[in-house]
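Inspection log for the structure reproduced underneath, given as structure tokens.
The values are calculated or read from the model by the stated rules, or taken from the named source; none is laboratory data. Note that the coordinates shown come from a computational prediction; the quantities given were computed from them, not determined experimentally. A quick note on method: Cβ atoms are made from the backbone with ideal geometry, for glycine too, and the neighbour counts reach across all protein chains shown.
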Protein chains: 2
Amino acid sequence: MQTLDVKAERIVLPQDDIPRYWHNLLPELPEPLPDPIPEVGGTPSRKRVMDMMEGVWAKEHIRQEYSDEGQIKIPDEVINYYLHIGRPTPLHRARRLEEYLKTSARIYFKREDTLPTGSFKINTVISQIHYAMKEGFDIMADGTGAGQTGCAVAAVSATMGVKAKIFMVRSSYLQKPLRVAWMKMCGADIKPSPSNETELGRSYLKKNPEDPGSLGVTTVETMDWAKANKAFGLQGSIFNYVMTQQSIMGLEAKKQLELAGEKPDVLIGCVGAGSNFMGFSIPFISDKLKGKTSCRIVDVRPDECAPEVYGEYRYDLLSPGTKGPLYKMYTLGNEFSIPGLVSEGLRFHGVAPMLSLLINKKIVEATSVKEKDVMEAGRLCLEKENFLPAPESAHAIKIAVDEALKAKQKNEKKVIVAHISGGGFLDIGGYSKVLNL
Amino acid sequence: MQTLDVKAERIVLPQDDIPRYWHNLLPELPEPLPDPIPEVGGTPSRKRVMDMMEGVWAKEHIRQEYSDEGQIKIPDEVINYYLHIGRPTPLHRARRLEEYLKTSARIYFKREDTLPTGSFKINTVISQIHYAMKEGFDIMADGTGAGQTGCAVAAVSATMGVKAKIFMVRSSYLQKPLRVAWMKMCGADIKPSPSNETELGRSYLKKNPEDPGSLGVTTVETMDWAKANKAFGLQGSIFNYVMTQQSIMGLEAKKQLELAGEKPDVLIGCVGAGSNFMGFSIPFISDKLKGKTSCRIVDVRPDECAPEVYGEYRYDLLSPGTKGPLYKMYTLGNEFSIPGLVSEGLRFHGVAPMLSLLINKKIVEATSVKEKDVMEAGRLCLEKENFLPAPESAHAIKIAVDEALKAKQKNEKKVIVAHISGGGFLDIGGYSKVLNL
């Protein structure tokens with residue numbers, strides 16, 4: 001039997017080697033995470049903020065949010081669901097891209113785009129719904145912007161036999177009929193937000209029946225609706241427990257790099273709020289904090305919305321128009337008007353508190369890139385590696401290409417790992433627009 | 001370390017175990033395949049038909065088309081490319097669907113939808129382009145209907161550094177801007193057909209500048225253009241060598257079922273012309289012909305276009321308006337007007353000659369299903385298994401569900417294997433329309 005240079009193409013982690021514990025980075029942070037402030041004008045208190053979440057979060061999430069356990073056991077049912085959706089996801093050696101760039105560097109992609117709902121979001125959706133069901137919730141409420149989380153919530157809820165109630169920013173609802181259809185196909189009850197189903201929604205619609213909505217309003221509507229209807233409210237990227245539950249991605253990647261005999265020099269991930277980036281980089285940040293590696297860990301955002309590059313590190317609201325809580329984070333101000341971008345998943349005025357702290361302590365580097373360059377990087381990935389990344393993920397590819405070209409100039413054998421948060425099938429229209437196809 | 005029931009979720013074939021030989025079924029057929037007829041009114045002669053292909057097909061394809069070797073070695077470069085795109089593809093145990101159906105049967109899906117260009121088409125595109133380049137071709141010409149093959153040709157050509165020239169049926173070109181954009185993104189030169197680039201195209205446009213085109217005209221235009229421009233003409237589903245090159249799918253599936261300790265009772269695949277179906281089922285048909293298994297092998301088509309169910313077994317043209325060659329196959333007549341269907345990949349008036357013979361000899365069963373039922377099966381797959389199949393593939397799922405329900409009534413532990421030819425991200429609009437979402 002001929003022996004192939006199999007490692008050169010794809011590092012597949014055997015299913016039996018899937019990590020059994022999530023990595024909670026909280027106890028290892030270089031200084032304690034600043035507590036959130038419950039309300040404008042108040043004083044920091046994580047306890048009071050967690051009390052506000054009672055009844056809408058699962059108790060297990062409240063426990064995980066500020067847990068000092070470094071390892072949190074992944075429930076067996078969640079592990080089984082991970083395997084079901086194709087975890088461990090592959091670590092892909094971008095050999096054809098390397099050849100095209102004529103670089104001395106080696107480029108790897110961690111491929112969350114291979115997940116069936118199209119992005120990494122499903123990882124935490126599975127565990128959130130698992131815990132919520134264990135605690136008796138039977139309606140899952142989610143507020144979604146571009147619809148990536150909503151698509152995962154709708155699909156997993158259908159499988160688990162619970163109801164999904166989705167509020168989707170009205171402008172997205174109108175612009176993304178395919179994602180809306182996907183959620184409907186799963187039997188989800190989906191409403192454009194602002195909606196008639198909450199007091200807040202009705203107040204907006206009264207002023208303007210065509211109100212395009214915003215992620216802030218949708219988030220508050222979802223929480224209000226969930227409270228009134230005893231539903232579980234799924235949480236997004238800024239919370240610690242969501243990052244912990246996403247660490248499965250980085251834990252797999254670390255094992256895969258070890259299998260390949262590689263020590264990474266640069267790790268890159270895009271940031272919307274932080275769960276994608278942190279989920280991928282937590283195990284590497286941990287090694288860096290312990291002095292086990294000096295690898296660079298790079299957060300990349302769009303030029304138009306890069307709070308960690310040109311914002312302030314201060315307390316701010318997660319959603320404009322709310323009274324609290326406030327979190328200490330890099331922010332452009334909660335009322336900052338973010339320009340339209342194809343990468344809707346990266347349009348958030350802030351940065352998750354944990355990631356903000358790591359950037360402030362210079363453990364993580366932050367940078368930003370031009371949309372046109374990003375889309376060209378996505379196109380290059382399709383041309384050379386034959387898969388189309390989500391535009392969000394193409395931010396990481398753009399930096400990976402830049403790093404590979406720098407390595408070439410110095411003839412360095414650098415190992416570059418870029419995180420691919422999702423796939424681009426539903427973003428071809430966006431590529432087409434920006435690239436003038 | 002806890003041991004998981006990993007096999008229950010997904011059977012992953014190690015990369016080292018990827019098959020190294022394609023399976024050519026020709027020498028095992030129960031009787032010789034009828035030779036094609038070069039021109040209307042002529043007599044059968046495979047030699048004269050192969051002579052017509054000189055210069056447009058690669059010589060290696062002419063050799064493989066009527067080869068009597070049962071095993072054809074897969075070139076190392078092709079194996080490496082297979083690994084690069086994620087072969088072996090997973091065999092997925094549809095456990096959540098089984099639970100929902102409360103069936104005693106076990107259902108497996110062979111998952112070609114996990115390939116990065118969205119369907120199984122890329123398997124043969126890789127090997128066709130590989131051989132063409134080895135023989136000196138540097139332009140790859142493809143005539144595409146719905147665009148699945150075109151997307152694969154564009155992507156692989158970009159990677160391999162050769163030009164791609166795509167002719168796409170004009171009505172599809174207008175209705176499928178996302179697939180067009182994908183091909184453009186890969187740098188392919190894509191023309192709606194009929195086009196101004198061939199005499200045939202110009203003659204149609206002269207009569208009607210808005211001519212919607214047809215797969216027949218596109219196929220002939222592509223061949224004419226390829227001949228005039230010394231380009232290689234990629235071939236589709238009806239040819240023997242294409243089926244042989246697609247047998248990688250079935251060879252993997254067979255190994256995976258063995259790994260799982262399963263003996264299949266029913267295998268199901270959708271048919272457009274036959275390469276998807278044959279590529280999946282060749283190794284199982286071979287076992288059946290040798291008396292090693294009595295499993296049922298089921299070909300499924302749309303009610304609106306099922307030549308093997310209600311057509312005739314006779315010589316017919318592959319494309320209307322051409323003079324030849326003619327192949328003996330199940331056909332609805334080359335001028336049969338096929339109704340519009342979401343599953344465009346299944347809209348062909350005939351059945352590949354090799355598959356036709358097997359149906360005629362009752363080795364393979366043929367059946368057909370209603371579009372609405374198919375789309376409901378696709379939706380059920382999304383709900384329970386969390387991935388959206390291409391509508392074409394949902395035909396196989398519909399029959400798998402029916403078989404599982406029959407097994408339930410008799411409490412049979414039947415093993416059902418359905419072939420998933422592609423993914424549905426770019427078909428959500430079609431689902432939405434048929435399901436009235």
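Scan the range B:61-85 for residues that are at the interface with chain A (Cβ under 10 Å from one of its Cβ atoms) and of a type in the set (Asp, Glu) and jot them down. Across the range B:61-85, the qualifying residue is only B:76. Tell me, yes or no, whether the range B:364-387 has at least one residue that is of a type outside the set (Ser, Thr, Tyr), within 14 Å of another protein chain (Cβ to nearest Cβ) and not in a helix (DSSP H, G or I). Yes, some residue in the range B:364-387 is of a type outside the set (Ser, Thr, Tyr), within 14 Å of another protein chain (Cβ to nearest Cβ) and not in a helix (DSSP H, G or I). Take residue A:27 and decide whether it is at pLDDT 95 or above, more than 14 Å from chain B (Cβ to nearest Cβ) and part of a helix (DSSP H, G or I). Yes; evaluated as a whole, the condition is true for this residue.
Please verify whether residue B:203 is more than 14 Å from chain A (Cβ to nearest Cβ), outside any helix (DSSP H, G or I) and of a type in the set (Ser, Thr, Tyr), treating the condition exactly as stated. If you could, list the steps in order and put the result at the bottom.
Values: more than 14 Å from chain A (Cβ to nearest Cβ): yes; outside any helix (DSSP H, G or I): no; of a type in the set (Ser, Thr, Tyr): yes.
When the stated conditions are applied, residue B:203 does not pass them.
Applying the condition of being assigned to a loop (DSSP other than H, G, I, E, B) and buried (at least 24 other Cβ atoms within 10 Å of the Cβ) to the range B:388-436 and asking which residue is farthest from the other protein chains (Cβ to nearest Cβ) yields B:421. Looking at B:88, B:36, B:14, just one residue is within 14 Å of another protein chain (Cβ to nearest Cβ) and modelled with pLDDT of 95 or more, and that residue is B:88. All of A:114, A:144 fail the test of being modelled with pLDDT under 95 and under 22 Å from the mean Cα position of the chain (by Cα), apart from A:144. Among the residues making up the range B:140-183, a single one is within 9 Å of another protein chain (Cβ to nearest Cβ) and of a type in the set (Phe, Trp, Tyr): B:182. When the range A:162-178 is examined, which residues are found to be closer than 20 Å to residue A:216 by Cα and in a helix (DSSP H, G or I)? Result: A:170, A:171, A:172, A:173, A:174, A:175.
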